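Novice: The structure's right below; bear with me while I get my questions together.
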Amino acid sequence: MTELARTAATELEFPGGGQPVLDRLIALLDLEKIEENIFRGVSPAHSPVRVFGGQVAGQALVAAGRTVPEERRVHSLHAYFIRGGDPSVPIVYEVDRIRDGRSFTTRRVVAIQHGKAIFSLSASFQKDEPGIEHAEAMPEGVPEPETLPTLMERAEGYAIGAHARPRPIDVRYVNEPPWITRETGERPSRNQVWMRADGKLPADQLLHVCVLTYASDMTLLDSVLARHGVYWDTDKVLGASLDHALWFHRPFRADEWFLYDSASPTASGARGLATGRFFAADGTLIATVVQEGLLRVL
């Protein structure tokens with residue numbers, strides 16, 4: 001384990017925000033190689049009862065990417081959250097080298113704790129190739145991120161403990177956050193936030209993709225809950241990510257602003273489906289996500 005990763009795992013006090021918090025995330029994504037195709041990751045000491053889904057997804061993608069030539073970029077991942085992760089013990093990531101083709105490389109990763117699988121991921125990597133291009137446009141009329149209040153400012157005066165501490169991702173809600181629309185009676189059909197890593201990242205494209213993967217598990221299921229006027233910390237909601245799919249369309253930097261535009265087409269059977277699109281600040285569509293989550297309103 002690197003010294004930085006050890007610090008991230010054992011530090012008790014959460015720093016004030018910005019680059020120090022982001023450096024902790026970078027450290028968490030810096031997995032320890034313990035054997036060929038086997039890696040080990042840790043969780044921050046301040047973790048809640050379960051490991052954050054974006055963390056295990058990001059770490060699994062790091063494990064997969066470290067077995068692939070650097071010139072091949074990840075273009076998609078499909079993942080299942082099998083069991084809640086225990087933040088008090090390390091997570092072992094086992095990589096299966098499924099295929100190394102002329103253009104594509106496929107990897108499968110299983111995350112293991114206490115001898116059991118808690119998460120599985122399949123990821124596909126491709127060498128750069130020319131081809132036809134088109135993309136949907138970014139939604140119009142979205143205000144600039146710097147003109148919007150920070151997440152901490154939005155959370156002030158509300159009993160939402162999960163938002164009351166600094167995060168490695170700077171999140172700025174474009175629409176009213178769901179804990180506010182819950183009180184106003186609005187039932188928005190879309191959720192929009194600006195995001196970026198809260199500091200500077202090294203020039204490592206895999207790291208930028210893994211940070212966006214981490215961020216993609218944040219606010220996505222808000223689009224499901226907001227339609228019903230309930231929220232995690234203000235109502236009795238039992239929720240968890242079930243599966244998660246991401247497609248990466250174009251290169252980007254995760255420490256530059258991107259718009260996360262999400263919506264929920266359906267919810268039933270104690271499950272909610274959410275879809276999201278990521279746009280760079282210049283309007284370029286950079287990634288698409290789909291997630292189904294367990295949502296029990298008690």
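Novice: Report whether or not residue 167 is open to solvent by 40 Å² or more (accessible area, probe 1.4 Å), farther than 24 Å from residue 26 by Cα and either in contact (Cβ under 8 Å) with a residue 12 or more places away in the chain or touching a Ser or Thr at 6+ places or on another chain (Cβ under 8 Å) (or both).
Specialist: Working: open to solvent by 40 Å² or more (accessible area, probe 1.4 Å): yes; farther than 24 Å from residue 26 by Cα: no; either in contact (Cβ under 8 Å) with a residue 12 or more places away in the chain or touching a Ser or Thr at 6+ places or on another chain (Cβ under 8 Å) (or both): yes.
Judged against the criteria, residue 167 is not a match.
Novice: If residue 227 satisfies every condition in (1) open to solvent by 30 Å² or more (accessible area, probe 1.4 Å); (2) at pLDDT 95 or above; (3) in a helix (DSSP H, G or I) but one, which is the exception?
Specialist: Exception for residue 227: condition (2).
Novice: Just one of 86, 100, 128 is surrounded by fewer than 20 Cβ atoms within 10 Å (Cβ to Cβ), of a type in the set (Asp, Glu) and closer than 16 Å to residue 41 by Cβ; which is it? Show your work before the answer.
Specialist: Values: 100 fails: closer than 16 Å to residue 41 by Cβ; 128 fails: closer than 16 Å to residue 41 by Cβ.
Going through 86, 100, 128 in turn, the sole match is 86.
Novice: Do you know which residues across region 21-50 are out of contact with any helix residue (DSSP H, G or I) (no Cβ under 6 Å at 6 or more places or on another chain), open to solvent by 10 Å² or more (accessible area, probe 1.4 Å) and in contact (Cβ under 8 Å) with a residue 60 or more places away in the chain?
Specialist: Scanning region 21-50 gives 23, 26, 37, 46, 48, 50.
Novice: Something else now. Checking the structure you have, find out if any residue of region 234-250 is touching a Pro at 6+ places or on another chain (Cβ under 8 Å) and in the same structural domain as residue 190 (by the TED database). Step through it out loud before you land on a result.
Specialist: Narrowing region 234-250 to residues touching a Pro at 6+ places or on another chain (Cβ under 8 Å): none.
The answer is no; no qualifying residue exists.
Novice: While we're here: Tell me, yes or no, whether region 63-70 has at least one residue that is among the hydroxyl-bearing types (Ser, Thr, Tyr) and surrounded by 20 or more Cβ atoms within 10 Å (Cβ to Cβ). Give the steps one after another, and end with the answer.
Specialist: Here is the first cut: in region 63-70, the residues among the hydroxyl-bearing types (Ser, Thr, Tyr) are 67.
Retained after the next criterion (residues that are surrounded by 20 or more Cβ atoms within 10 Å (Cβ to Cβ)): none.
No, because not a single residue in region 63-70 is among the hydroxyl-bearing types (Ser, Thr, Tyr) and surrounded by 20 or more Cβ atoms within 10 Å (Cβ to Cβ).
Novice: Looking at region 208-224 only, could you name the residues that are surrounded by 22 or more Cβ atoms within 10 Å (Cβ to Cβ) and either of a type in the set (Val, Ile, Thr) or part of a helix (DSSP H, G or I) (or both)?
Specialist: 209, 210, 211, 212, 213, 214, 215, 216, 219, 222, 223, 224
Novice: Could I ask something else about it? Failed condition for residue 136, given (1) at pLDDT 95 or above; (2) on the phi > 0 side of the Ramachandran plot, with all others met?
Specialist: (2)
Novice: Right, something else. Here is a list: 183, 176. Which entry is part of a helix (DSSP H, G or I) and either acidic (Asp, Glu) or surrounded by fewer than 16 Cβ atoms within 10 Å (Cβ to Cβ) (or both)? Talk me through it step by step, then tell me what you get.
Specialist: Numbers: 176 fails: part of a helix (DSSP H, G or I).
Exactly one of 183, 176 is part of a helix (DSSP H, G or I) and either acidic (Asp, Glu) or surrounded by fewer than 16 Cβ atoms within 10 Å (Cβ to Cβ) (or both), namely 183.
Novice: Hey, could you check region 249-276 for residues that are among the charged types (D, E, K, R) and open to solvent by 50 Å² or more (accessible area, probe 1.4 Å) and say which is nearest to residue 188 (Cα to Cα)?
Specialist: Just the residues of region 249-276 that are among the charged types (D, E, K, R), to begin with: 250, 253, 255-256, 261, 271.
Retained after the next criterion (residues that are open to solvent by 50 Å² or more (accessible area, probe 1.4 Å)): 250, 253, 256, 271.
Numbers: 250: 29, 253: 29, 256: 27, 271: 19 Å.
Filtering region 249-276 for residues that are among the charged types (D, E, K, R) and open to solvent by 50 Å² or more (accessible area, probe 1.4 Å), the one nearest to residue 188 (Cα to Cα) comes out as 271.
The values are calculated or read from the model by the stated rules, or taken from the named source; none is laboratory data. Values in this document were obtained by computation on a predicted structure and should not be read as measured data. All Cβ positions, glycine included, derive from the backbone under ideal geometry; neighbour counts span all protein chains shown. Note: areas computed on protein heavy atoms with side chains; ligands, DNA, RNA excluded. Shrake-Rupley method; radii C 1.70, N 1.55, O 1.52, S 1.80 Å.
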